[in-house]
Amino acid sequence: MSAAPDVWSTGRVEDEYHREDDDVTTTGPAFEAASGAAVGFGVLGPVECRDGAGLPVRLGGPRHREVVARLLVARRRVVPVDRLVADLWEEPPPGAVGAVRTFVAEVRRALEPGRRPRTPSRLLATEGPGYVLRPEPGAVDAWHFKAEVARAAGLAPAEAAPVLDAALATWRGPAYADFPGARWAHAERARLAELRLHAVERRADALIRSGAPREAVWDLDAHVAEHPWREDGWHLLATALLRSGRQGDALGVLRRARQVLADQLGADPGPGLARLEREVLRQADHPDEAAPAAGDEVWSSAAAAYEGSVPARSPARLEATASLLRELAVTGAGGLGAARRHRAAAVAAAERTGDAELAARVIGVYDVPAVWTRVDDPDAARTVVRTAERVLARLPEDAPETARARLLASVAVESRGDALAEGALPHAADPPGRAREPWRRRAQQAAVEAESAARRLHDASLLAFALNGTFLQSFAHCGQAARRDAIGAELVQLARTHGLVGPEVLGRLIRVQALAGLGDLPGADDQATAADHLADRYERPLARVFTTWYRALRTTLTTPAAPATAAATGVNEAAEAAYAEAVAHLPTCGMPGFATGLPALTRLAPVVRAGALPAPEAFADADWGPYDPWVRPLLLLGDARPDEAREALRTAPRPPHDLMAEPMWCLLARAAALAGDPVLAARAAAVLGPAEGQQAGAASGLLTFGPVATYLAEARQAAGG
């Protein structure tokens, strides 16, 4: 049984809400570190601390607990002493700095009573101008709560309900309850309270979807009473009552919602509530008519009918499976992963039939919109491309041109980035040599041919698929944001004309990236808002991953940052919070080709923007993922190892032709300039020239290393130009 819905919420956040700490993951139960660490912290209620035996740790007086709470809000980042003083007192008394140091020393003794004198604390450390509290993963109940809510988003309803139930049970009261008036806690308290409301609603939704609507009714009734402005709560309560056979009560709830919204907000119910009310009224007006089966019942009945009507191993089943995988891929992280795993088997089975046209349909039907330019599974992508090429060669001359064009579009989409490069990429310092990368020529040719055929055939869905391939093959050169914005704009117009939801979401996300690269933030804002609306309306949750990252980038571009050094990022708190929210989407987004390495880059970006070298100790735990070859030279220079840095530059591969090419070339340009490598500096300057007026990386919609012009100037000077 979950805890009662909370009554302490202020503010709202986006519906797809996940945890916000970028370097904290939880694997064990709340309030207990995964490794069995000695100290756990609780902030979902009064601030408290417990040792490894679960016994309370006496932190001291209110100021001691406030220091601990303030450091926990910082999520394992350094809080300067002067900031602590400003947060603890509206008008700091004389000796406030000394008092803070005393509080910290006494808290340290309480947290680590067995630590030897003069031995550095690993939990509450002094770093640079302040202090940092670094609990073990899973040791803070709020972090665990956020992670569990995020994990539940990727589970089936029957599995999600108990996860959310347990997560909600960790709340003991309002977050940071001892410090209700503290300004430093306001934003975090509001975020946690909103996430709790979200979890209550998602738990109820999971219960309803898993066939237990009666269990959801009581909590929902209390929920809407405490939070009458939340239309999702009213909708869920009415749905739970309707699924429980209480049609009259459901209608009463909807009418009560209409009255409350009018009285308190002066607003009519939204489209979802209005549709549900019309459906309940229709059933009430025609009681003799059989009520339509719930969605799950329709699905089960139709699946059973199909199972009984279509012979096993028939081509029709294979085609139906391929179509289902396409729909599965856009349902969220779990569906995307499952679709990716099963698609290769479906493609192989289709080819084994010997029917080239059937194989073409099975491959070509998977026109899932792809906005990120690095594939999640390169081996699977290579398999699909090779199969598509074999099928193209075997298609009879009288085969439909649509089938051929869809195969070509598949080749273009699956060949994005350097997915087909099985061996080593050319070195970054090598002059351009297209003959050494024949797969790129073939992928670009496939995109051109697919788009040409789609325009000739006046096939809207095929053209949308082909334009996706054109977009993904548009990264041969830097500085192409304007071209990609035009592709995105055409996709949006095409989709709106023909009612194509997926291509419209894709087009708007492409425009978000491109307009950010061009510096048109108001335009990018409009596209992000439209993409979010489509994602909510048509259940396309992965779109919010990209819009959340864009908004973090936007915060970086529009909010001044503090000076940065090699050890201190200089990112302002607004940017830190925005990126923490963006990073929190990654573990459950189901897109490893997108997610891997990004958290580390967000930490590196402000250091690089400020012109500093990264300090080794600041990035000792960083996972650079696929970006390691281009970050490594700067890290070696920051560690005072110039010879190794020059060797790393000599062997560094060419950055892949993707959305992260420009920022990676900027890193190479700076490292080449600092290490004295004129050849690579000249090559980087030539590559980056077309992007001189842009922000490095902004066209990815994720992050920026600052103006490309800065890196160009450094590279040209180092090259002797």
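Quick notes on this one:
- Global form of the range 226-276, assessed from the alpha-carbon gyration tensor, a/c cut-off 1.5: prolate
- Working note: 222 nm ellipticity from helices only, DSSP H runs with n ≥ 4, each -39,500 (n - 2.57), summed and divided by the residues of the chain, gives -19000 deg cm²/dmol to the nearest 500.
- The distance separating the Cα centre of the range 581-628 from that of the range 46-68 comes to 32 Å.
- Residues listed by number, the range 483-500, amide nitrogen under 20 Å from T529 label point at 7 Å toward C-beta: 489, 492-493, 496
- Here's how it looks for V140: its modeled amide H is under 5 Å from those of F31, F41, which are all 5 or more places away or on a different chain.
- For V391, the accessible surface of its heavy atoms amounts to roughly 0 Å² (probe 1.4 Å, protein chains only, rounded to the nearest 10).
- Residue-by-residue Karplus 3J(HN,Hα) for the range 336-341, coefficients 6.51, -1.76, 1.60, Hz, glycine and proline x: 4, x, 5, 4, 5, 5
- Using the Cβ-Cβ distance between R275 and E397 with R0 set to 45 Å, the FRET efficiency from 1/(1 + (r/R0)^6) comes to roughly 0.35.
- Overall form of the chain per C-alpha gyration tensor (a/c, 1.5; a/b vs b/c): oblate
- GluC sites (Glu not before Pro) restricted to the range 467-550 and DSSP loop, no more than 12 other C-beta within 10 Å: E539
- Taking amide H as placed 1.01 Å from N in the peptide plane, the amide H of T373 sits under 5 Å from that of L659, each at least 5 places away or on another chain.
- When you restrict to C-alpha pairs under 8 Å that are six or more residues apart and normalise by the size of the chain, the relative contact order lands at 11 percent.
- Inter-part distance where the range 438-491 and the range 635-664 are each reduced to a Cα centre, Å: 31 Å
- If you sort the three axes of the alpha carbon gyration tensor as a ≥ b ≥ c, you get a/c of 1.5 or more for the range 436-511 and a/b no higher than b/c, which makes it oblate.
- A Förster distance of 56 Å, applied to the separation of the beta-carbon atoms of A302 and D639, puts the FRET efficiency at 0.35.
- Table column - 3J(HN,Hα) (Hz), the range 626-631, Karplus curve with 6.51, -1.76, 1.60, x for Gly and Pro: x, 8, 4, x, 9, 8
- Working note: Karplus 6.51/-1.76/1.60 with θ = phi - 60° gives the range 177-193 the couplings 4, 6, 10, x, x, 6, 5, 5, 9, 4, 5, 5, 4, 5, 5, 5, 5 Hz, where Gly and Pro are set to x.
- Extension gain (nm, one decimal) between Y538 and T558, 0.36 nm per residue minus Cα-Cα: 4.1 nm
- Neighbour-limited loop hits for chymotrypsin sites (Phe, Trp or Tyr not before Pro), the range 176-224 (at most 11 other Cβ within 10 Å; DSSP other than H, G, I, E, B): none
- Summarising the amide proton neighbourhood of G130: residues at separation of 5 or more, or on other chains, whose placed amide H is nearer than 5 Å comprise V81.
The values are calculated or read from the model by the stated rules, or taken from the named source; none is laboratory data. Note that this is a predicted model, so its numbers are computed, not measured. Because the Cβ atoms are built from the backbone with ideal geometry, glycine has one as well, and the counts that use them run over all protein chains shown. When the accessible area is computed, the model is the full protein with side chains, heavy atoms only, and any ligands, DNA or RNA have been set aside. Shrake-Rupley method; radii C 1.70, N 1.55, O 1.52, S 1.80 Å.
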